[in-house]
Structures are given as C-alpha cells and as structure tokens.
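In what follows, a structure is listed as structure tokens, so that the remarks can point back to it.
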Amino acid sequence: MSRSAQRSRATGRAMFLAGILALSAAACASQGSSAAGGTATTSGAAGTTTTVSGSASGSAPSSSTTAEASQSSSSADTGAASSSSSAPASPADGDSTGGALAATNKLTDTVTQGGFRFKIHSVSLPYAPPAGTSFPSMDPLQWMMMDFEATNVTDGELPFSTIGAFDVFDSEKNHYQASIVGWEALPKDKRFPEDDFKPGQTMSGEIMFLVPKDAKGLLLQVNGNMFHQSGPKPVLPMGR
C-alpha cells in the first residue's frame, strides 16, 4: 500500500472514531448521563465465565470509567481517548424513555446489526489476566473480557471500532463502553482488530470492559457500525 493510501486510510479511521465520540457526547448532552458506574463499594459474588459453544458464522462486542481515565493519564493519546469514553454514557437509543432494557436474544445467538454479524464466544467476569500481562488494578471496579467474532455482511469495505460497537448496561441503568486501557493490556494476538473489513470478511478477538464488582443484570447491546444501523438493536444477557 502506498504512503498516500495509508495516510488516507488513517484519516478515514480517525474521522470515523471522531464521529462516534461526537455522537456519544451529543447524546449525553441531550439525554443526560446515567448514574456513575465507578461508585460501587461492595465486593461482588464469585466470578463466572460464560462459554458459548457451537459453530461461529460471524460475531462482535465494549467499558470505561473515570478511574480508567486517571490510570491512562501518563499517555497523551490513550488519556485523551479514554477520557472521552470514561464516564457512563447516556441511555441507549432503544431506551430513550429511561425504561429498563430487556434481552431480545440469548448470548448464544448470532445477531446482526450495523453492517456486521456477531457471535459471542465467551464472557469472563472477573477476568483473570494471563501470566506476564499487566492489567492495572481498578478497585472497586473489575475487568470483564468478551471474546467474539464479527463478519462484514455489507457489499463494501466497512470499518470496525470497539468503541461504540457495543454498550453494556447494568440493572441500575449504568452504561459502560469498551476499555481502551484494557484492550491495550491484552496480548497483541488476542486483541480484536481495529481495522477495515472487506465484504464477507470475518475477524475474531477480545475486548475489555470495566464494571463495578457488585453490578447485576448486565446486558450487552449490539450496535455494530453506527452509520449502518437498521432496526432494533439486539440485546444479550451476559450471565450476571
């Protein structure tokens, strides 16, 4: 790929991420933010790992808090991105009335939204990092890992960003997006690719969320690419 093409591709991805963050900020301003998710003080129940079996034909997954923003302040780039997605965000589009979200599918289901087909392989909460991996402590929050795959079901190349592709909600209507710090702490071969998908292309990997230790009723709302959304957004129970 020529240098000019690389610069053009990088500029396009930067504009795509900027659009996601801008719309998120606009939603917060118009609807108001939900209760802060980093205020939990009680310890959670025993950790659970949900493993989804079966063939995967395509899939997908995202959480940050103000604690994460402070942890990442040593890096200018990471700190800026983290602060934009660190506070719990506004209610989902399908929950604009303030009512509680309800699951529309099982975690084992393959769902499609925003130009991608998603299959969740597993959810681990709390996540136990592999030996040699450095994950910062976020007490009273804890790490949650989601392993999934996504397939571009459109007839054109489509960018995928872990920020905005998923929203996690708890029973208190707190909202969490994918953690940039957690994603960067994963081994490189485990990270879900921030990349452009060719038509029909499937990629798999892991993303990280930060949720309170006592969070209950966690639901995953699947958004996909924000510019290709159509119809109701699938909502999956995360096993806790």
- Query: At ASP189 and ALA131, where each label point lies 7 Å from the Cα along Cα→Cβ, what is the point-to-point distance in nanometres?
  - Reply: 1.6
- Task: Take each of the peptides 210-217, 128-135, average the number of other beta-carbon atoms within 10 Å over its residues, and list them starting from the highest.
- Result: 210-217, 128-135
- Task: List every residue whose amide H lies under 5 Å from the amide H of PHE197, counting only residues 5 or more places away in sequence or on a different chain, with H placed 1.01 Å from N in the peptide plane.
- Result: LEU158, PHE160
- Task: Answer rounded, prolate or oblate for the stretch 151-200, using the Cα gyration tensor with square roots of eigenvalues a ≥ b ≥ c: rounded when a/c is under 1.5, else prolate when a/b is larger than b/c, else oblate.
- Result: oblate
- Item | Cα gyration tensor shape for the stretch 108-240, rounded if a/c is under 1.5, else prolate or oblate | oblate
- Message: Can you tally the net charge around LEU186? Count Lys and Arg as +1, Asp and Glu as -1, for every other residue whose Cβ sits under 11 Å from the Cβ of LEU186.
- Response: -1
- Nonlocal amide H pairs with ASN105, under 5 Å, H built at 1.01 Å: VAL235
- Query: PRO130: net charge of surrounding residues, Cβ under 12 Å, Lys/Arg +1, Asp/Glu -1, itself excluded?
  - Reply: -1
- Message: As a quick test, which of the pairs LYS106/LYS188; LYS106/LYS173; LYS119/LYS190; LYS119/LYS198; LYS173/LYS198; LYS188/LYS216 have an alpha carbon distance above 24 angstrom in this structure?
- Response: LYS106/LYS188; LYS173/LYS198; LYS188/LYS216
- Summing +1 per Lys or Arg and -1 per Asp or Glu among the other residues with Cβ less than 9 Å from PHE160's Cβ gives -3
- Note on the structure: Scalar couplings 3J(HN,Hα) for the stretch 146-157 by Karplus 6.51 cos²θ - 1.76 cosθ + 1.60 (θ = phi - 60°), nearest whole Hz, x for Gly and Pro, are 10, 9, 8, 9, 9, 10, 6, 9, 8, 9, x, 5
- In order over the stretch 210-218: 3J(HN,Hα) from phi, Karplus 6.51/-1.76/1.60, θ = phi - 60°, whole Hz, x for each Gly or Pro, gives 10, 9, x, 5, 9, 5, 10, x, 5
- Farthest positive-ward along the stretch 91-191 dipole, Cα basis, beta-carbon charges - from PRO130, GLN113, LEU101: PRO130
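Every number here is computed from the coordinates shown, using simple stated rules; none is lab data. Note that the coordinates shown come from a computational prediction; the quantities given were computed from them, not determined experimentally. Glycine gets a Cβ as well: all are built from the backbone with ideal geometry, and neighbour counts include every protein chain shown.
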